[in-house]
Amino acid sequence: MSASRLSVAVLASGRGSNLQALIAARDAGELPVDFVVVGSDKAQAGALQLARDAGIPTFTLNPKDYPSRRDYDLALFRRLDASGAQVLVLAGFMRIIDGEALKPWVGRMINVHPSLLPKYRGLHTHRRALEAGDAEHGASVHYVTAELDGGPVIAQARIDILPGDDEHVLAQRLLAFEHQLLPAVLRLIAQDRLALLPPDRIALDGQAQSEPLQLRNGVLVDLSPARLSTTRSG
Ligand code: GAR
């Protein structure tokens, strides 16, 4: 993968700020990928407009047009297969994906989620962190498996919860870190440095990781006891 640029598809349901961060990283020469398609379940998703503005092909598939989740997801993956994408990024794609349908993409599909997984799978993660009285919050990028928000975590960004934070303020502050985290992980994949070790671990540069990588000052750091190093190279 590292010899040529990685072909990447993105699925997004909403405003698309994570997609925008990926496009910006590519434009800055920090992300050696080609975005071959952006798909959505929502015709009005801001992400689609961002993609069009960047000259990336788009498509919308409306779940209401399909008799079941499985039928929808199989159609979705047919579109993604046809795009020639090697890797799929879920950047705010707010649907549960059928476990059978996603099987061919396991190990090639990542998701950004606004919590320190395994905490707070699903929705309202910021509110739940505040209600629990947590001292810190964060975001995770993980490989997607059949388990909702449950695949092996690749990397995390951590932030302190501050006095006076409400759900909105916390979400906004975290988002800025998501925008660093997702491109940094995709960069490792594009450099062919990352792999899923089935069923539930990841390997960096061929070595199994005991802990997710951590984002520090915009750089992914390996804090595993055996290997203390940053991952920035090349
Ligand atoms: C992001 O905060 C992302 O982590 C979250 O949706 C938001 C999308 O924002 N994803 C999930 O909750 C997935 N379970 P964006 O459209 O501006 O990128």
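Would you grab the residues whose amide H sits under 5 Å from the one on LEU117? Only those 5+ places off in sequence or on another chain, please, with H modelled 1.01 Å from N.
Distant-sequence amide H within range of LEU117: SER140.
Output the antiparallel fraction of DSSP beta bridges having both residues in region 1-148, as a percent to the nearest 5.
20 percent
Quick check for me: using +1 on Lys/Arg Cβ and -1 on Asp/Glu Cβ, what's the dipole size of region 87-162 about its Cα centre, in debye to the nearest 20?
140 debye
Around SER40, with a cut-off of 13 angstrom between Cβ atoms, what is the net charge of the other residues, counting Lys and Arg +1 and Asp and Glu -1?
+4
Can you list the residues, at least 5 places off or on another chain, whose amide H is less than 5 Å from the amide H of LEU215, using H built in the peptide plane?
Under 5 Å from the amide H of LEU215: GLN156, ALA157, ARG158, VAL221.
Using the crude model of +1 on Lys and Arg Cβ and -1 on Asp and Glu Cβ, and no other charge, please compute the dipole size for the chain relative to its Cα centre, in debye to 20.
Charge dipole, the chain, about its Cα centre: 340 debye, nearest 20.
In straight Cα distance, which lysines are under 30 Å from LYS64, not counting same-chain residues fewer than 8 positions off?
LYS42, LYS103
Could you compute the net charge surrounding ARG128? Neighbours are other residues with a C-beta less than 11 Å from the C-beta of ARG128; K and R count +1, D and E count -1.
My count for the surroundings of ARG128 gives 0.
Is it possible to state the helix-based mean residue ellipticity at 222 nm for the chain, with each DSSP H run of 4+ residues giving -39500 (n - 2.57), the sum divided by total residues, to the nearest 500 deg cm²/dmol? What is it?
Using -39500 (n - 2.57) per qualifying helix, the result is -9000 deg cm²/dmol.
Students often forget the sequence filter, so: which aspartates and glutamates lie under 12 Å Cα-Cα from LYS119 once same-chain residues fewer than 8 apart are removed?
LYS119 reaches ASP134, GLU136, ASP149.
In whole Hz and in residue order, list the ³J(HN,Hα) couplings for region 163-173 that follow from phi through the Karplus curve 6.51 cos²θ - 1.76 cosθ + 1.60, θ = phi - 60°; x for Gly and Pro.
After applying 6.51 cos²θ - 1.76 cosθ + 1.60, I find x, x, 5, 10, 4, 5, 4, 5, 4, 5, 5 Hz.
Quick one: which residues, 5 or more positions from ILE202 or on another chain, have an amide H under 5 Å from its amide H? H modelled 1.01 Å from N in the peptide plane, none for Pro or chain starts.
The answer is LEU197, GLN209.
Coordinate-derived values only; no laboratory data. Because the structure is a prediction, the values reported are computed rather than measured. Here Cβ is always computed from backbone atoms with ideal geometry, including for glycine, and neighbour counts include all displayed protein chains.
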